[in-house]
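Trainee: Before I ask anything, let me first share the structure, which is written out below as structure tokens.
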Ligand code: ASP
């Protein structure tokens, strides 16, 4: 006999089944007790005489029966039936857990230390399932649109993308370091030079910056994509369609406030809403209302706090076509607008992208405006400048902060709830105990020495 998923038990009234799962709760009734048995698909009531510890893993062999009159539980999909156990086998006995799974006010530190237990909660498991389904939807959608998913390296080179890099010491090239990618930005552009035309990747990105309730520490997931021979409108249209389709299919209860998504200029956003990521919801109390907008026409450069300029979004962006001349001549810098588009959902920036510079002259001009010397430009983007001399198609793309998007969609306010194994805000993995010291032998191999505090 094969194992039955708990959710399928109501279809098996009168039959003998084998169920596997965890003891969710126990209620003693003198001679026998009721236990709630939980597996990935649901919860069911078992009638047994065994004394079982909560959270132990068991196998139940028994008959599915209709519950006696008046004892149905309408809240459970299996609430009209129960299983009368003939045989219960304890497969793995549980100690008392460090916290109760059905309590809400448990410290996040404790939950993170025992993340594998925290993920036993049906609500957390549900987040993982929704995460999987959304990723699958995106992959299927982009596959139909003839995109190909290509993995890019995790061990790569520091990039001038604005955040702090995580670095990895090289053993073979002592004294040199890899950097983990802040995003696959340069690789995806180089793939356009390769002729891929339509690339995407569910890409891990690494940034050593402070976490917030809507920003994970250390690493996060992007839907990263890039297309050749497109305008800003083409990229926005594709992404808008994907967002709408995904929500309509996977989250049919959600209502999208306005389709097509309104497009707002940066200037208008700042004047009207005093923020560059306006929350346009007409009813902020409605948990199912999804108000998207695009924010466009951003300034390319801003004051770097000293006497120079820095980029506002992405140094690889092209200006809007009408500003290309100014960029190349490095004049009216303050007024140059970038082709950048951000997509905002309920006040959260959930994605952003741009059309890129695909000529060495234009890319170089961006770095010159930012005060880079010839040698520094060569060192940081020389390979891009060279690539653009061998036939680089016009191209553009976008990346979604997938975790933040999912958090907003699921109505949460803490991004760690939708990420399987997050770190604390001070960058620790409490379950694995990382970061951790390494052996002196490893340091020697790497040619490193560490200053003790
Ligand atoms: N690479 C950019 C980022 O990570 C997104 C993009 O412009 O495609 O924000």
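Trainee: Return the pairs, sorted by first residue and then second, in which the second residue is modelled with pLDDT of 95 or more and assigned to a loop (DSSP other than H, G, I, E, B), the first residue lies in the range 432-453 and is farther than 22 Å from residue 172 by Cα, the beta carbons are less than 8 Å apart, and the residues are 6+ apart or on different chains.
Mentor: Every condition considered, the pairs that remain are 434/428; 435/427; 435/428.
Here is a yes/no grid of residues against (1) touching a residue at least 24 places away in the same chain (Cβ under 8 Å); (2) more than 23 Å from residue 244 (Cβ to Cβ):
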residue: 274; (1), (2): no, yes
residue: 277; (1), (2): yes, no
residue: 291; (1), (2): yes, no
residue: 294; (1), (2): yes, no
residue: 306; (1), (2): no, yes
residue: 311; (1), (2): yes, yes
residue: 329; (1), (2): no, yes
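Trainee: Can you tell me which of (1) closer than 24 Å to residue 184 by Cβ; (2) outside any helix (DSSP H, G or I) is the one residue 264 doesn't meet?
Mentor: (1)
Trainee: Same structure, new question: Just a yes or no: is a residue in the range 257-275 within 30 Å of residue 420 (Cβ to Cβ), in contact with a strand residue (DSSP E or B) (Cβ under 9 Å, 6 or more places away or on another chain), assigned by TED's automatic domain parsing to the domain that holds residue 373 and at pLDDT 95 or above?
Mentor: First pass over the range 257-275, keeping only residues within 30 Å of residue 420 (Cβ to Cβ): 261.
Still in the running and in contact with a strand residue (DSSP E or B) (Cβ under 9 Å, 6 or more places away or on another chain): 261.
Filter once more, keeping what is assigned by TED's automatic domain parsing to the domain that holds residue 373: 261.
Pick out the ones that are also at pLDDT 95 or above and you get 261.
Taking every residue of the range 257-275 in turn, at least one turns out to be within 30 Å of residue 420 (Cβ to Cβ), in contact with a strand residue (DSSP E or B) (Cβ under 9 Å, 6 or more places away or on another chain), assigned by TED's automatic domain parsing to the domain that holds residue 373 and at pLDDT 95 or above.
Trainee: Also, I was wondering about something else. How about the range 116-216: which strands (runs of 3 or more DSSP E) wholly inside it have at least 3 residues that are more than 20 Å from residue 423 (Cα to Cα)?
Mentor: Working: elements: 167-169, 177-179, 198-207.
The strands (runs of 3 or more DSSP E) meeting that bar are 198-207.
Trainee: Let me ask you something else. Mind checking whether some residue in the range 276-286 is under 25 Å from residue 357 (Cα atoms), within 16 Å of the ligand (Cβ to nearest atom), touching a helix residue (DSSP H, G or I) at 6+ places or on another chain (Cβ under 7 Å) and assigned to a loop (DSSP other than H, G, I, E, B)?
Mentor: yes
Trainee: Return the pair list, or none, for Cβ contacts closer than 7 Å from residues in the range 164-185 that are under 29 Å from residue 313 (Cα atoms) and without any contact (Cβ under 8 Å) to a residue 24 or more places away in the chain to residues that are in a loop (DSSP other than H, G, I, E, B) and more than 16 Å from the ligand (Cβ to nearest atom), at least 6 apart or on different chains.
Mentor: Matching pairs, first to second residue: 168/155; 176/170; 177/170; 178/155; 178/170.
Trainee: Given the conditions (1) within 16 Å of the ligand (Cβ to nearest atom); (2) part of a helix (DSSP H, G or I), and given that residue 220 satisfies all but one, which numbered condition is not satisfied?
Mentor: (2)
Trainee: Further question: Could you pull out the residue among 210, 214 that is away from the ligand (no atom under 14 Å from the Cβ), at pLDDT below 95 and surrounded by 18 or more Cβ atoms within 10 Å (Cβ to Cβ)? Let's see the steps before the verdict.
Mentor: Numbers: 210 fails: surrounded by 18 or more Cβ atoms within 10 Å (Cβ to Cβ).
Being away from the ligand (no atom under 14 Å from the Cβ), at pLDDT below 95 and surrounded by 18 or more Cβ atoms within 10 Å (Cβ to Cβ) holds for just one of 210, 214, which is 214.
Trainee: So is residue 268 more than 24 Å from residue 142 (Cβ to Cβ) and within 14 Å of the ligand (Cβ to nearest atom) or not?
Mentor: Numbers: more than 24 Å from residue 142 (Cβ to Cβ): yes; within 14 Å of the ligand (Cβ to nearest atom): no.
Spelling it out, it is not the case that residue 268 is more than 24 Å from residue 142 (Cβ to Cβ) and within 14 Å of the ligand (Cβ to nearest atom).
The values are calculated or read from the model by the stated rules, or taken from the named source; none is laboratory data. Fair warning: this is a prediction, and the values are worked out from it, not measured in the lab. Positions of Cβ are generated from backbone atoms using ideal geometry, with glycine treated the same way; all protein chains shown enter the neighbour counts.
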